[in-house]
Amino acid sequence: MDVEERISLVLRYPTEEVITVEELRELFQSGYKLNHYIGFEISGLIHIGTGIVSMSKVVDLQKAGVRTQILLADIHSWLNNKLGGDLDVIRKVAVTYYVETFKKIIEVLSGDPDATRFILGSDLYHHNDDYWFLLMDITRHLTLSQVRHSLTILGRKMGESIPLAYLAYPPLQVADVFALGAHIPHGGVDQRRAHILAREVAHKVRFYPLKVDDKRVKPVALHHRLLPALNITSKPSSKEELSELKMSKSIPQSAIFVHDSPEEIRQKISKAYCPPREVEYNPVLELIRISAFREERKTPFVIRRPPQYGGDVEVWRYEELEAMYREGKIHPADLKNAAAEALTQLLEPVYRYFQGPGAKLLEEMKNISITR
């Protein structure tokens, strides 16, 4: 696979941006074995934004020859008071439910679960003096203003009364980039500010310098799109507003979970925001795109319609579907039915897993989510 093919894999949907594409090209041209990383808070049941969207880019990076890494951010989750701030529970969930769910999804998306390294955050830090020197070194090169500006990664707006612990979060996230040797740090677009900080300090930190062939480099930040919440009531006015209106595991009707049954998927999508002719920030179109149009289709995608409304429609490319919906040629109800069918088919192996071998993991996770 040549460099441009590898770049195409990294850039394809659901990628929103790469900072910068030219730097990525230089990294690939070097022939150096590159490292990726994406980190996840351990905060409850996994929905398709975390599962399908994030893991689809992990699989793309695997195919592009990049070594993929998933950080199970137990310390970050503890700082952010996830799962009641119980560190023991957070760690247990991380190395059981989270690892097994991600592995199953990578497999379903035609990736290699065994080719991704899973790292528990506290294992990375334990008995590792250089990590803590790195963290202190990073704080020497950041201002309070920069850190405060980056706190949107916590999913909340900055206020005066937040716990002091939250200020430690962005420097920790920056430190993880270097401690993991991540040439390509990856996350949703809501992670952008923390990755920018990592780029700003890349040539300043003494510990864990990021290198390619003994030459210092900046991390190339990869950001994927966020899935809009199903229950939004109007189009977001900006990408920043969308980060506050993304699918949320804390609001079950806003999200589709990877273990949801076909009936639950259909019921949630039937109530989703999907105004006629509106294609921007339309969660139903996004669901179809991620589940049916990431790969080049070998058979047409079919929109089922009653004969009195023109009958079935066959579509080969997502852009064609989007244009037809914008022109009013497809009714929202028919689009929702098509989205439910496509997503149900994609998630069927995951659903079967949680009905079988993974049933105990899911039941334990549901019980933890209820009590926390």
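Counting C-alpha atoms alone, how compact is the stretch 304-372: give Rg to one decimal and Dmax as a whole number, in angstrom.
Over the stretch 304-372's Cα set, Rg and Dmax evaluate to 18.2, 50 Å.
Between Trp132 and Glu327, what is 0.36 nm times their sequence separation minus the Cα-Cα distance? Round to one decimal in nm.
Gain on stretching Trp132 to Glu327: 64.6 nm.
Roughly how compact is the stretch 239-371, stated as its Cα Rg over 2.2 N^0.38 Å to two decimals?
On the way: Rg = 16.3 Å, N = 133, 2.2 N^0.38 = 14.1 Å.
Here the Cα radius of gyration is 1.15 times the empirical estimate.
Would you please give the residues with an amide H less than 5 Å from that of Ile46, counting only those at least 5 places away or on a separate chain, with H modeled from the backbone geometry?
Under 5 Å from the amide H of Ile46 lie the amide H atoms of Val258, each far enough along the sequence or on another chain.
Would you mind checking which residues have amide H under 5 Å from Leu227's amide H? H placed 1.01 Å from N; only 5 or more apart, or other chain.
Sorted by chain and number, the residues that satisfy this are Met247.
Express the C-alpha Rg of the stretch 3-224 as a ratio against the empirical globular expectation 2.2 N^0.38 Å, rounded to two decimals.
0.97
Let's test the formula: R0 of 25 Å, r as the Cβ-Cβ distance of Ala168 and Leu11. What FRET efficiency results, to the nearest 0.05?
Step by step, r from the Cβ atoms, then E = 0.15.
Quick one: net charge around Val313, please, counting Lys, Arg +1 and Asp, Glu -1 for every other residue with C-beta under 9 Å from its C-beta.
Working: positive: Arg304, Arg305, Lys329; negative: Asp312, Glu314, Asp334.
Local charge sum for Val313: 0.
Pull out the extension gain between Val95 and Asp213, defined as 0.36 nm times the separation in residues minus the alpha carbon to alpha carbon distance; nm, one decimal.
39.1 nm
Give, in nm to one decimal, the length gained when the segment between Ser234 and Glu319 is fully stretched (0.36 nm per residue of separation minus the Cα-Cα distance). Provide the component values of the computation, followed by the final result.
Numbers: separation 85, 0.36 × 85 = 30.60 nm, distance 2.26 nm.
So the extension gain works out to 28.3 nm.
Dipole of the stretch 239-371, Cα-centred, from +1 at each Lys and Arg C-beta and -1 at each Asp and Glu C-beta, to the nearest 20 debye?
The calculated dipole for the stretch 239-371 is roughly 220 debye.
Of the beta bridges DSSP finds with both residues in the stretch 3-224, what % are antiparallel, to the nearest 5? Before the final figure, lay out the partial values.
Details: 6 of 22 bridges.
Close to 25 percent.
Taking R0 as 25 Å, what's the FRET efficiency between Asp2 and Glu348 from their Cβ-Cβ distance, rounded to 0.05?
The pair Asp2/Glu348 has a calculated efficiency of 0.10.
Distance cut-off 19 Å, Cα to Cα: go down the list Lys57/Lys215; Lys63/Lys249; Lys63/Lys103; Lys57/Lys366; Lys33/Lys215 and report the pairs above it. Don't jump to the answer; show the numbers that get you there.
On the way: Lys57/Lys215 27 Å; Lys63/Lys249 29 Å; Lys63/Lys103 16 Å; Lys57/Lys366 27 Å; Lys33/Lys215 14 Å.
Cα-Cα > 19 Å for Lys57/Lys215; Lys63/Lys249; Lys57/Lys366; rest within.
Just from the alpha-carbon atoms, what are the Rg and Dmax of the chain in angstroms?
Both quantities, over Cα of the chain: 20.9, 71 Å.
Using alpha carbons only, how many angstrom separate the centre of the stretch 243-270 from the centre of the stretch 33-62?
18 Å
Provide the per-residue ³J(HN,Hα) series for the stretch 22-33, in order, calculated from phi with Karplus coefficients 6.51, -1.76, 1.60 and θ = phi - 60°, each as a whole number of Hz, with x at glycine and proline positions.
5, 5, 4, 4, 5, 5, 5, 5, 5, x, 6, 6
Quick one: His186, His224, fewest Cβ neighbours within 10 Å first, how do they rank?
If I rank by nearby Cβ atoms, fewest first, I get His224, His186.
Looking at the chain, what % of its DSSP beta bridges pair antiparallel, to the nearest 5? Display every interim value, and only then the final one.
Numbers: 11 of 27 bridges.
That works out to approximately 40 percent antiparallel.
Applying the Karplus parametrisation 6.51 cos²θ - 1.76 cosθ + 1.60 with θ = phi - 60° to the phi angles of the stretch 187-195, what ³J(HN,Hα) value in whole Hz is obtained for each residue in order, glycine and proline being reported as x?
Using θ = phi - 60°, the values come out as x, x, 4, 6, 9, 4, 5, 5, 5 Hz.
Given Cβ point charges of +1 (Lys, Arg) and -1 (Asp, Glu) and nothing else, what value in debye, to the nearest 20, does the dipole of the chain about its Cα centre take?
With only Lys, Arg, Asp and Glu charged at Cβ, the dipole is about 380 debye.
Could you go through the stretch 85-90 in sequence order and give the Karplus-derived ³J(HN,Hα) for each residue, using 6.51 cos²θ - 1.76 cosθ + 1.60 with θ = phi - 60°, rounded to whole Hz, and x for Gly and Pro?
Residue by residue, the stretch 85-90 yields x, 8, 5, 5, 5, 4 Hz.
Hey, can you grab everything whose amide H is under 5 Å from the amide H of Ile232? Only 5+ residues off in sequence or another chain; H modelled, so Pro and N-termini drop out.
Those qualifying (amide H under 5 Å, at least 5 residues apart or on another chain) are Tyr273.
Put +1 on the Cβ of each Lys and Arg and -1 on the Cβ of each Asp and Glu in the stretch 239-371; which of Gly358, Ser250, Ser270 then has its Cα farthest toward the positive end of the dipole?
My answer, from the dipole projection, is Gly358.
Using Cα pairs closer than 8 Å and at least 6 residues apart in sequence, work out the relative contact order for the stretch 1-79, in percent.
43 percent
Bear in mind that the values in this text are calculations on the coordinates, not laboratory data. Note that the coordinates shown come from a computational prediction; the quantities given were computed from them, not determined experimentally. Virtual Cβ from ideal backbone geometry, glycine too; neighbours counted across all protein chains shown.
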